[in-house]
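The structure appears right after this line, and notes come after that.
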Amino acid sequence: MRGEPLDIRGKRLKRSNESATGFTSSIGFDAPIARHVIRINTAHMLTLIRGGEVKKGIGAECLKFLLEAAPETTTGQFEDIHQAIEQSAVDRLGVEKAGFLNLGKSRNDQVASAIRMELRERIILLLTRVNLLQESLLGVVKRDGRTVIPGFTHLQHERVNLSPMGAAALAGTSVNIDRRLIASLLGFTGIIDNSMDAVSSRDFAVEALSSCEMLMIELSRIAEEIILWSSKEFGFVEVADEYAASSSIMPQKKNPVTAELVRAKCGSVLGSLQAVCTILKGLPYSYNLDLQEVTPHLWAGLANTQRSVEIIDGTISTLIFNPKALSRSMEGDYSTATSLANYLVKSSGLSFREAHSLVGEVVRKSVEEAIPFFEAARELPNLSKKIPPLDEKTLQSILDPTALLKSIVTAGGANPQFIPGGVERRLRLVHRNRSRLAKLEGDLKLAELSLLRNANSLLGEVRN
Ligand code: ARG
């Protein structure tokens, strides 16, 4: 049945023109929230019926429509997906029935709820991927203990999963709807207490994007090391062919392009975060259409982060280390100078500052006269009466980088003996987080099933 043409503008306003509707419409980027909008309408209609606000027969018809509604975005001149879905209900059921769908609810609480529902899924997806990346990183450490890898912070989840529904446009509604029931039917863990906050806050978007940016900063630093280390000058690692590209002019080139783009995406995600903060800054309470402009930045930031985690994981997991180049790079360097100074403190009773200065003198001699550090260091007993004679073997072991690493005693330091224990501890954490994420995902699936079951059981009540 084709209903009366619905116009949300009612009789208050004349139609807007095409260019104004095109400019203000969000329909072009509402696709990710379409299925959530249908679920919200379903949960809302259920509480309207249970609260005696809508007759069972009419409500059942609305529910039937919603259960069959396809979540694909409608094209055409709509302000948004919310209007489009209501319009298609009116087209099917007529305005005298479908016209109850929006009793006691507004697009403002609806859009805030839908964004949160989509975001919580994307956060779970992202965290699941981060979890895999963490496992890969630990795998690399297991395979090659010489690789030092920075740790990760965890994204937070809780503040997203609260329901704005029932806030209506901004101040709540006199219609008898149960906010907590809608919240639980939609898989939220609670409601946002204040109705103004519910419709006008996008803090959760800022928080999610900030966490994404924090993660991206880590990834960009890892990416930078891959780029640096794979350069001809370093040659510590080689990027696998599938994560590299060649040059169209220089046949010898092998560019670490995935790492370069991950480094760049860190800037793009910061751009999304900055866009959102700037849109929100100085915005009066409560809902303004400015908030609509936040949504595409949120999805772009999440998508860029998700893809970066995936690609850096692949790049790192397939990285080939070059131990020869690594040890060659340490030949003739002065990285063991501090341990030589520490040895002098222990063996001669010099203060650290005195030892520091003497070793500095030896390094200068080695540089100026172009002689090996080892040779220059032999002269130390001649520089201070306090320094006892240095036998060759002792000196050799002090200046050997591997021996130096083994002498480290402080927790969390680079002693290779600490690696297996550290990897095990972190793996336990990674696995615990993985079960947590699976539980969150399972809870959302259960909520979805429970909504369907409730709607179907109401349809059953009407038929009997
Ligand atoms: N399209 C809007 C958005 O994405 C939905 C809410 C519109 N509310 C309103 N009062 N016009 O934010």
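The values are calculated or read from the model by the stated rules, or taken from the named source; none is laboratory data. Fair warning: this is a prediction, and the values are worked out from it, not measured in the lab. Note that each Cβ is placed from the backbone with ideal geometry, even for glycine, and that neighbours are counted across all protein chains shown. The area values use the complete protein model at the heavy-atom level, side chains included, leaving out ligands, DNA and RNA. Shrake-Rupley method; radii C 1.70, N 1.55, O 1.52, S 1.80 Å.
Filtering 174, 210, 201, 195 for residues that are within 16 Å of the ligand (Cβ to nearest atom), polar (S, T, N, Q) and over 21 Å from residue 39 (Cα atoms) leaves a single hit, 201. In this entry, residue 8 passes the filter for residues that are in a loop (DSSP other than H, G, I, E, B), within 14 Å of the ligand (Cβ to nearest atom) and touching a residue at least 12 places away in the same chain (Cβ under 8 Å).
Applying the criterion of being of a type in the set (Asp, Glu) and under 18 Å from residue 186 (Cα atoms) to the residues of region 413-464, the residue that is farthest from the chain's Cα centre (by Cα) is 448. Take the conditions surrounded by 15 or more Cβ atoms within 10 Å (Cβ to Cβ) and either in a loop (DSSP other than H, G, I, E, B) or modelled with pLDDT of 90 or more (or both) and apply them to residue 205. Does it pass? So residue 205 fits the description; yes.
All told, residue 85 meets the bar of being buried (at least 22 other Cβ atoms within 10 Å of the Cβ), free of Cβ contacts under 8 Å to residues at least 60 places away in the same chain and within 16 Å of the ligand (Cβ to nearest atom).
The residues of region 19-72 that are farther than 19 Å from residue 98 by Cβ, among the hydroxyl-bearing types (Ser, Thr, Tyr) and touching a helix residue (DSSP H, G or I) at 6+ places or on another chain (Cβ under 6 Å) amount to a single one, 26.
Taken residue by residue, region 19-29 has at least one member that is more than 22 Å from residue 109 (Cα to Cα) and away from the ligand (no atom under 16 Å from the Cβ). Only residues that are hydrophobic (A, V, I, L, M, F, W, C), more than 16 Å from the ligand (Cβ to nearest atom) and part of a helix (DSSP H, G or I) were counted across region 88-136, and they come to 13. For residue 19, state whether it is open to solvent by less than 20 Å² (accessible area, probe 1.4 Å) and among the hydroxyl-bearing types (Ser, Thr, Tyr). Criteria not met by residue 19. Check whether at least one residue in region 51-68 is part of a helix (DSSP H, G or I), within 15 Å of the ligand (Cβ to nearest atom) and buried (at least 19 other Cβ atoms within 10 Å of the Cβ), and report yes or no. No. Just one of the numbered conditions (1) away from the ligand (no atom under 16 Å from the Cβ); (2) modelled with pLDDT under 95; (3) of a type in the set (Asp, Glu) is not true of residue 79: (1). Residue 38 - would you say it is surrounded by 12 or more Cβ atoms within 10 Å (Cβ to Cβ), within 12 Å of the ligand (Cβ to nearest atom) and not small (Gly, Ala, Ser)? Considered against the rule, which asks whether it is surrounded by 12 or more Cβ atoms within 10 Å (Cβ to Cβ), within 12 Å of the ligand (Cβ to nearest atom) and not small (Gly, Ala, Ser), residue 38 comes out as no.
Considering the conditions (1) open to solvent by less than 70 Å² (accessible area, probe 1.4 Å); (2) part of a helix (DSSP H, G or I), residue 375 is excluded by exactly one of them, (1).
The rows are residues; the columns are (1) modelled with pLDDT of 95 or more; (2) open to solvent by 80 Å² or more (accessible area, probe 1.4 Å); (3) hydrophobic (A, V, I, L, M, F, W, C); (4) farther than 25 Å from residue 329 by Cα.
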{"residue": "388", "(1), (2), (3), (4)": "no, no, no, yes"}
{"residue": "399", "(1), (2), (3), (4)": "no, no, yes, no"}
{"residue": "407", "(1), (2), (3), (4)": "no, no, no, no"}
{"residue": "415", "(1), (2), (3), (4)": "no, no, no, no"}
{"residue": "418", "(1), (2), (3), (4)": "no, no, yes, no"}
{"residue": "442", "(1), (2), (3), (4)": "yes, no, no, yes"}
{"residue": "446", "(1), (2), (3), (4)": "yes, yes, yes, yes"}
{"residue": "451", "(1), (2), (3), (4)": "yes, no, yes, yes"}
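One line per residue, one yes/no per condition, for (1) closer than 16 Å to residue 459 by Cα; (2) open to solvent by 10 Å² or more (accessible area, probe 1.4 Å):
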site: 12; (1), (2): no, yes
site: 26; (1), (2): no, no
site: 42; (1), (2): yes, no
site: 46; (1), (2): yes, no
site: 70; (1), (2): no, yes
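Applying the set (1) farther than 17 Å from residue 316 by Cβ; (2) within 11 Å of the chain's Cα centre (by Cα); (3) among the charged types (D, E, K, R) to residue 105 leaves exactly one unmet item: (2).
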